[in-house]
Each structure stands twice: as C-alpha cells, then as structure tokens.
Amino acid sequence: MEKPGIEAGMAGREGRHKFIPPRSEALRTEIRPVDPVPAGLDGLWHDCAGAWESRRSRSQRLWAKALELEALCRQSEAWHEHEFKEAMRTHRARIKRLGARWGAGVEAAMPCLVEAARRTLHLRAYPTQIMGALAISEGALVEMATGEGKTLTIALAAAAAGWSGKPCHVITANDYLAQRDAADFSRFYQLCGLGVASVRAEMTPPERRMTYQAGVVYCTGKELVADYLRDQIALGPYSDAHRRAMIYLLGRHYSGQGAVLRGLHTAIVDEVDNQLIDEAATPLIISRHAENEAMKTACIAADRCAAGLLPGEHYAVNEREKEITINEAGRKLIAEWCEDKTGLLNAQDWVMDLVQQSLQARHFFLRDKQYVMIDGKVVIVDEYTGRLMPGRSWRLGLHQAVEAKEATEVSEPSETLARLSFQNFYRYFNHLAGISGTARESWREFWRIYGISLVEVPHYKPNIREDAPLRLFYSEDAKWAAVVEEIDQQHRRGRPILVGTRSVDASERLGRLLQGRGMVYTILNAVRHEQEAEIVLRAGDLQTITIATNMAGRGTDIRLGPGAANCGGLHVILTEGHESARIDRQLKGRAARQGSPGSSVVFVAFSDELIQRFLGPIRKRMLKFWLSKRLPGGATLLKLGFKIAQRKAEKKGRRQRFMLLKQDQDITKNLIGAKAKSTARSEAF
C-alpha cells in the first residue's frame, strides 16, 4: 500500500510540516493549459484532424496488438511467484521513470497486469479488454459495448497510471459504483503495489484528504469538481506553488490548509458520454446560503401574482426554448399589483423578474419529472439518470420559485462562491480518456472540446439483438395501450422485460396500467431507488417486468437468469424517444450482452414532448392534420418528424454546451480567484 503524501500546510514555524520543493508542491495545483475551442475554418480543419485520428486503421492496429498480447498473457500464466513479482517490479519502475508519459509503458506491462487480475480476481482479460486498456493509455475515447467488461478494462489502465506516481482518478456514474469498484478490485491493486480508495458524498475534509493520497481514486465527477473548487477557494491567491514555498520559508500563515486534492493528472471516465456530454450542460456551483427574509417573502408574493396571469392573454409560452415572455397586458397587470405594495415589492422591474421565474416554475419545472417532493422539500431529479440529487438547487431564484409554487417552506437564496463547468474541468487533465457503449455519435464534439479521438472496440461475441421498427401512434392513450399489450405478450412468453420511461410520472402511470391487468412489476425511479442494486440484479430473470426511469445512465449490467436466454432474452421497451439518439441506443444496449439473445422496440406518439418541443409549429400543424384525417403515409411522416425533432434537439444541446463553455471560460477567471491572484502578485512581501 502506498504511504500518504505529506501535506503542505504551513501554520507558522511551530509544528511546521517537512518542506516540499516547489516543483513537487506544484503538483497539487498544476493543470494543463486550456486553449480556446477551435471555431470557423480552424474548427473544420480540427475536425479533419480528428477524423484522421479516429480512422478505422487505428482501431485495427490496436486490435492486432491486443491479439498479440493475449498470447503473451497466456504464457505469463506459467510464471512462478518470484518471476511474476520480478516482472511486476521491473515494469512498475519503468513506468515510474516515464512519469507523465506512463502510457508508453503500458503495452510491455500488459501481460503482467493481466496476470495480476487473473491471480487476484480470477478474471482473465479478453482481447477486447486488452485493446480497451491500450486505447485508454493512449488517451482515447473508447466505445465498448455493454457487458464487454469495461470495469476490468479501466482497472488495467488505472493500475499503470497509478505506477507513474501521478494522481489518477477513475470517474464513475455514482457513489455506489465508485465504492463497489474500489472494493471489488482492491486485491488487484494491492498486488500491483497500489493503494485504492473511493470518495463518497458524506466524507469529511480530513477523510477526503486521506482518500486522495491513494494511487488510484474512484469518485464521481461531481465530487471531484466540488473538491477542486473548494480547494481553489481555500488556497485563494496562494494557488501559485512558488508563492506557497516562499510563505513557508518566511514562516507565515496562509489559509490553504483545507485543500484535499494532491493534484490533477490522469482521469479515466466511465460512461464518458454521460459525464462529458450530458452532465456538461450544467456548471457545478459552490455556494453558501445568505439569510434574506425579504427575498423569501418576495418569492411567495410573486407566486401569488403569477397565479393571476393567463397564458396567451398576459404572457407567451415558448415550449421549445422553455422561455416565458410577458406581454404589455401582463406588464400592466403586474404594475397595478405593485401599486399598493411597500418595500421591494413596489419595484416593478424586480417583481417582473420574479413573476417570470414563477411562471417558468409553473410551466417547465413539474413535480415527478424535474423534481420530487420528499419530506416537504424539493429534490431535483437528474434528467439523464433518473437519480435524486439532494443538496443541489437551481440558481437565480428558480429553486425558491418552485418551492413557492409547491406551497412548502422557501429556502434561503444562495450566494455563488465558485463555479466551473464540467467541460472546462476535464480539459485541465494532462491525460484524459473515457469509455462508453455509445460514443461514436458524439465523436466530433469529444474531439473538438477535449481533444480525444475515437477507438471502437469490436464485440467479443457477435451482437444478435433484434431492433424492431418504430411503433407510431397519434394519441398518447393509444401508445400506452400498445405498450401494455406489448408487455403482456412478451411476459406470456416468459421473457424478462425492461421498460424505459422519461419521468417518474410516466413510470407510475404505466405501473397503474399494468396493475389493472394483474401483472407484477418493479419500478426503479427517483422515488423508489432504495433497492436499486437488487432490482437490477433480478431484472434479467424469467417473467420479470422492470420499469426504470432513464435506466441508460445507471452503469450496471443486466445479466440473464437461468432459462431466460431460451425464451428470447431481455426485451427492452422505450416508451418515448430521448432528445439524443445516443441515449436511446444506450438503453437498447442493455439487451443482448455478450452474444446473448435480446430485442428492443421504441414507441412514439405525436403528443410526445420531443416532437412537441422540437418539430416546429408549421411541421406540427401539417403532421397533425395528416394524422387526424388518417391520410395515407401518416406513419412515414410521423417517423420522419420524430427523426427531425431528435436531430434538432441534439443540435440545440450541442449549441448550449458550446455556449456554456465559452461563458465559463470568461467567468471562471473572476470566480475562482483570478482577481485575487493578480492582486497578490502585485503585492510586495
């Protein structure tokens, strides 16, 4: 096991820690310089370079190398214990010397790493897993199908990264997976001479500081970004390593003793599309509650005012952009409402903004969809994974507007201390790599923002999943009736069934419909999540019906129970298309893992949110007329409309992420101590 590193806090001459040279101390705050994202002609040229880096011949080269290494791995099984340990010491020392260029030593060390996994975990790596580990060591975006063994693939690469002595973080989808993977692979890392640990949300700062000393650290992206921001706040102007060294020599005190990270160098991201694409749309903000009774009272009053406004008469609703525009009649009504008020409520412009927030909360932030109510509190639901996000809140007064709408206690407004987008944060790593079952749809965005190219790993066994054509319906009721009928038919065959829904409300509605047919089912959503691991474990058993909200991002394989393969394997039903075809493909990929049988089907209705938000008013009117009159070709037009709406949604999402990245680059300097650093540099000692 590795010994914890020495903390560099300086609390005066008495009880000072051992002096660390500036270069070693600099590792705590050293990040890779971030260049602007290429745009225009530079962006096109950059995309051409990405297409070349992602060319198929590169994947073929890595596959051929993986087959060669597999033969060497088989030979290493005959090593005696002393031969194995000697090989381990040799490769570890070589990669330690390589340091930041640790990837150059992975190919030679692979037989040793694979043998370590076999001896401790009784898992023999397949060529696909060896290829994936090689690609990660080259800093690639790896597409590997669900069930192919991504966890072992990551561990093989992470162990080599840990040997370099540089900080290595494995980013997982949630705390449960971080804790599980660190525990499951602890014997493997121990044999490799490495410490492994996991970060959990409930940890205290001293526990986090000790955890981050491990050679390989498993954690979620949210926890890592939050710790980075808190460190920046704690260090303030002393994030410069040379300044910290000078302060030490002068025996002076500085306030950065609370920093927990030992640096950023290597990040290996599991479910990389969820972390670097889906989660990238929202920045992570460190804030503190600022007591403001006047603001809480104003939010409640603004909600009452908003209740008196009528859509179409006083304001317009833009479903596609999720915007509210108050017209002249609405402004006049708000002005009249403010006339007999005192204090802040007499300020019309300010009240107008609060009323607009209240209207957005009423139209676009719905219970059991964007949030749930637990013990009288508003708890946000992750749009992409269906998980609860306790402790998170919407900013700019929106969270208070939702609370006022629900007539629950309004929380204190928050004050922003630091903010950073996930996009910018992951660009700080010197070595960034990721793995996912669905990466190729977004390869261009990965390359342009993060500079990582695509490597596609072939299936170890042929994929025999059967994807049925889209099932298309005009009305929502007809769609749900067809979904229930599909479940009933497949259930009679004895097949395990996984049903994906877009919201808590939809999953509960389907549950009631199935209950009316006398079918037994299990619901996995933001409200019913306590037994998640057990539910997923049994989801592949015979005649099991599992209804899951956004199962796509949960990061856990569904394995077929005894006899399930003979009935046709897992049948996946998507009750609604997602805003990204990539996430639809991810959910379909839960079926037919490792060459087993399986199938999928997608149900689409004209009333689905995706079509209503993104198809456009003219196309919607034409399609509605065609479908209502039952004219020939209606199904074809609805299918085309679905594809167009999905492409528009994907384009809008990309545009939002690029805009957020640019905005974040402009704001970060001011919010994470840049001004303080500039001021500190101008001060004389």
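The values are calculated or read from the model by the stated rules, or taken from the named source; none is laboratory data. Every value quoted in this text rests on a predicted model; they were computed, and no experiment measured them. Virtual Cβ from ideal backbone geometry, glycine too; neighbours counted across all protein chains shown. What goes into the accessible areas is simple: the full protein's heavy atoms, side chains included, and nothing from ligands, DNA or RNA. Shrake-Rupley method; radii C 1.70, N 1.55, O 1.52, S 1.80 Å.
Computing Rg and the Kirkwood Rh from the Cα coordinates of segment 227-340 gives a ratio, Rg/Rh, of 1.22. For the chain, a crude dipole built from +1 on the beta carbon of Lys and Arg and -1 on the beta carbon of Asp and Glu, taken about the Cα centre, is about 1620 debye to the nearest 20. Under 16 Å of direct C-alpha separation, and excluding same-chain neighbours fewer than eight residues apart, Lys222 reaches these aspartates and glutamates: Asp175, Glu202, Asp231, Asp270, Glu271, Asp273, Asp278, Glu279, Asp382, Glu383.
The listed residues Lys624, Lys332, Lys166, once ranked by accessible area (1.4 Å probe) with the largest placed first, stand as Lys332, Lys624, Lys166.
The largest-to-smallest principal axis extents of the Cα set in segment 291-412 are 43, 35, 19 Å. Each principal axis of the Cα cloud of segment 332-399 was taken in turn, and the coordinate range along them, longest first, works out to 45, 20, 18 Å.
DSSP assigns beta bridges within the chain; of those with both partners inside it, close to 25 percent run antiparallel. Longer than 21 Å from Cα to Cα, which of Lys322/Lys639; Lys332/Lys405; Lys65/Lys96; Lys588/Lys620; Lys461/Lys588 are they? Say none if no pair is. Lys322/Lys639; Lys332/Lys405; Lys65/Lys96; Lys588/Lys620, as the Cα separations exceed 21 Å there. With all protein chains in place and ligands, DNA and RNA left out, the 1.4 Å accessible area ranks Trp443, Trp163, Trp79 as Trp79, Trp443, Trp163, largest first. P(r) for segment 465-605, from all Cα pairs and a bin width of 5 Å, is 2, 10, 23, 26, 23, 13, 4, 0 %, short bins first.
Solvent-accessible surface (1.4 Å probe) assigned to Ile464 amounts to roughly 90 Å². The figure for Trp337 is an accessible area of roughly 60 square angstrom, using a 1.4 Å probe on the protein chains alone. Could you point to the residue in Ser57, Leu344, Ser239 farthest towards the positive end of the chain's charge dipole, with +1 and -1 charges on the Cβ of Lys/Arg and Asp/Glu respectively? Positive-most Cα among the choices belongs to Ser57.
Nearest 500 deg cm²/dmol is fine: what mean residue ellipticity at 222 nm does the chain get from its DSSP H runs of n ≥ 4 alone, each adding -39,500 (n - 2.57), divided by its residue count? Could the numbers behind the result be given before it?
Working: 26 runs with 322 residues, N = 685.
Mean residue ellipticity at 222 nm (helix-derived): -14500 deg cm²/dmol.
Residues Leu72, Leu398 ordered from highest to lowest accessible area at a 1.4 Å probe: Leu72, Leu398.
At the residue level, Val37 shows approximately 30 square angstrom of accessible surface with a 1.4 angstrom probe and all protein chains present.
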